[in-house]
Amino acid sequence: MIAAFALILVCQLFGEVISELFDLPVPGPVIGLGLLFIGLIVKRRPPRVLTDAADNLLIHFSLLFVPAGVGVVTQLDRLRGDWLPITAALIFSTLLAMVLTALLMSKLLPKPKASVSEGEAK
Amino acid sequence: MGETDITQLWVYLSTKPLTGLTITLVAYSIGFWLYQKTDRNPVCNPVVIAIALIALLLESTGTPYATYFEGAQFVHFLLGPATVALAVPLFRQMETLKRALPVIIFGVLFGSLVASVSTVVLAWVLGASPETLASLAPKSVTTPVAMGIADEIGGVPALTAVCVIATGIVGATLGPMVMNLARLKDWRARGFAMGVAAHGIGTARAFQVNETAGAFSGLAMGLNTLATALTLPFLWHWFFG
């Protein structure tokens, strides 16, 4: 488990170094994601400890957004000033991007074997 | 214990990193419990509940955000490794990736452009300030990346974090209803769109509803992070100089 976490951190660290060294607009963790992904393709069968560690980190992915979200208390003045464009963009653009992307992909993705049967349509 | 004792105790405790960390986990647990209790009603999003509870606590006790963050940074830090860890669910979709790579890349670029262009145009028409525009533009990518992009194009990273999370919440709560209205039934397309428009919060939601939707959401989110991080800064500098 520790080795798996170390590997993930090493990928992130290399990502940060590459981002900094070449002055890339892509943040370190994203390059780290790419590095780990390449590693998985090369290795073909990822070790169980690594997939377990990754799954554990991702189970409560949404928890990790809480500290940044609480930052809303530092932005109240700006939010008050620009509340209309912010609210409109948040709701309208998000839903527009989602529905258009879903429509496009439901047309373009190769025919599914069975995609309607599982889960509830909520 | 009198009122002043409690105040003094809070003043003492609030400076300890342990407090900020504990509050974060407790607030999220309360949010998650409520979410379970309401039969996973998307409106009872654990992230919204946690943020609201903590914000109320900080405002009512006059505790600065920086003090809270001393403890909360331990949770925040994990966003980096968790972003790296997305390579694993992405790898699990390798078969689909191989079969439909051009379609997937096209879909991600399309969704990324629609999300950022419609955001900037709409907010600009409604009179947002330049800093707000730049802070809103990357709102559909996951927080650490969006904050990096905002910084790059002249936005306010803290405002971006708030907008990104609000975007995820809007997508996770209202998205499924709107996709139902549009009669979208393909779980792969629904999940994919969720990941493109509503990043990690949407992906967390998609996983809870349907495994296939979750996997496609994670795939789209990871690729969208790359697509937006690679295209948005260049587009921005090109348009706004």
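Details
- Selection within the stretch A:21-42 - outside any loop (DSSP other than H, G, I, E, B) and farther than 19 Å from B:Ala146 by Cβ: A:Leu21, A:Leu35, A:Leu36, A:Phe37, A:Ile38, A:Gly39, A:Leu40, A:Ile41, A:Val42
- Odd one out for B:Ile105 among (1) more than 16 Å from B:Leu232 (Cα to Cα); (2) touching a helix residue (DSSP H, G or I) at 6+ places or on another chain (Cβ under 8 Å): (1)
- B:Glu59 being closer than 30 Å to A:Leu13 by Cα and out of contact with any Cys (no Cβ under 9 Å at 6 or more places or on another chain): no
- Among residues of the stretch B:22-41, those that are surrounded by fewer than 19 Cβ atoms within 10 Å (Cβ to Cβ), within 22 Å of the chain's Cα centre (by Cα), within 12 Å of another protein chain (Cβ to nearest Cβ) and at pLDDT below 95, counted: 2
- Residue count for the stretch B:121-132 under the criterion of being part of a helix (DSSP H, G or I), over 13 Å from A:Leu90 (Cβ atoms) and either polar (S, T, N, Q) or under 19 Å from the mean Cα position of the chain (by Cα) (or both): the result is 0.
- Residue count for the stretch A:56-84 satisfying the condition of being facing chain B (nearest Cβ under 7 Å) and of a type outside the set (Gly, Ala, Ser): 16.
- One residue stands out among those in the stretch B:70-87 that are crowded, with 19+ Cβ neighbours inside 10 Å and not aliphatic (A, V, I, L, M): the one that is nearest to B:Thr19 (Cα to Cα), which is B:Gly71.
- Residue within the stretch B:151-162 that is touching a Pro at 6+ places or on another chain (Cβ under 7 Å) and among the β-branched types (Val, Ile, Thr) present: yes
- Only one entry in B:Ala85, B:Ala72, B:Ala100 is without any contact (Cβ under 8 Å) to a residue 60 or more places away in the chain, within 22 Å of A:Leu35 (Cβ to Cβ) and at the interface with chain A (Cβ under 8 Å from one of its Cβ atoms), namely B:Ala85.
- Any chance B:Thr212 is assigned to a helix (DSSP H, G or I), farther than 22 Å from B:Cys44 by Cα, more than 8 Å from every other protein chain (Cβ to nearest Cβ) and of a type in the set (Ser, Thr, Tyr): no
- Flag if A:Lys43 is among the basic types (Lys, Arg) and either within 30 Å of B:Leu184 (Cα to Cα) or in contact (Cβ under 8 Å) with a residue 24 or more places away in the chain (or both): no
- Note on the stretch B:105-128: among residues that are at the interface with chain A (Cβ under 7 Å from one of its Cβ atoms) and among the polar types (S, T, N, Q), the one that is farthest from A:Gly81 (Cα to Cα) is B:Ser118.
- Of everything in the stretch B:140-172 that is in a loop (DSSP other than H, G, I, E, B) and crowded, with 24+ Cβ neighbours inside 10 Å, the residue that is farthest from the other protein chains (Cβ to nearest Cβ) is B:Gly155.
The values are calculated or read from the model by the stated rules, or taken from the named source; none is laboratory data. None of these values were measured; they are calculated from a predicted model. So basically every Cβ, Gly included, is an ideal-geometry build from the backbone, and we count neighbours across all protein chains shown.
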